[in-house]
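Structure first, commentary second.
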Amino acid sequence: MANITRFHVGPRLSETAVHNGTIYLAGQVPDDTTQDIRGQTAQVLAMVDRLLAEAGSDKSRILMTQIFLADITDITAMNEVWDAWIQAGNTPPRATVQARMANAAYKIEIVVTAAAA
């Protein structure tokens, strides 16, 4: 059985788990909830970058992304930030849905699965 490596292990969840060359990120939410959807999206994508780098990968190796929006009408503004961040030719499969957030101030949560480098 292959080892599982976990990063930022807490009592309820780990931010990252790596198993058999696949990196699983927990749902990432913004730290500064006073920002609009563009600002919150940029924060979350920066967190994704940081966590993937820590696990030895990057956004070019994302296998799947799930995006949860508190208000689906924010999708256009969110996509503007996403499109500027994601690398052309490396766009992963993605699902985007509206969902009730655990904290009403969150406008976005992103879950990523990626291949290790």
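What follows is calculated from the coordinates using simple rules that are stated; it is not laboratory data. Predicted model, so just to flag it, every value in this text is computed and none were measured. FYI the Cβ positions are ideal-geometry reconstructions off the backbone, even for glycines, and counts take in every protein chain you see.
Evaluate the charge dipole of the stretch 44-98 about its Cα centre and quote only its size in Debye, nearest 20, assuming +1 on the Cβ of each Lys and Arg and -1 on the Cβ of each Asp and Glu.
220
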query: In whole Hz, what ³J(HN,Hα) sequence does the stretch 54-66 give by Karplus (6.51, -1.76, 1.60; θ = phi - 60°), x for Gly and Pro?
result: 4, 8, x, 9, 7, 5, 5, 10, 5, 8, 7, 10, 10
Dipole magnitude of the stretch 6-117, debye to nearest 20 (Cβ charges: Lys/Arg +1, Asp/Glu -1, about Cα centre): 360
Positive-end extreme of charge dipole, the stretch 1-93 - chosen from Val29, Leu69, Asn3 (charges on Cβ): Asn3
message: Starting from the 7 Å offset along Cα-to-Cβ, what nm value, one decimal, do you get for the label separation of Met64 and Thr5?
response: 2.3
query: Roughly what angle does helix 75-85 make with the longest principal axis of the chain, taking Cα atoms, 0 to 90 degrees, to the nearest 10?
result: 40
message: Quick check: residue separation of Ala84 and Ile72 times 0.36 nm, minus the Cα distance between them. What number comes out in nm?
response: 2.4 nm
- line: The rounded separation in angstrom of the Cα centers of the stretch 1-44 and the stretch 73-94 is 18
- request: State the answer as a single residue: which of Ala116, Pro93, Ser60 lies farthest towards the positive end of the charge dipole of the chain, with beta carbon charges of +1 for Lys and Arg and -1 for Asp and Glu, about the Cα centre.
  value: Ala116
message: Counting just the Cα atoms, what span does the chain cover along each of its three principal axes? Round to the nearest Å and put the largest first.
response: 44, 37, 20
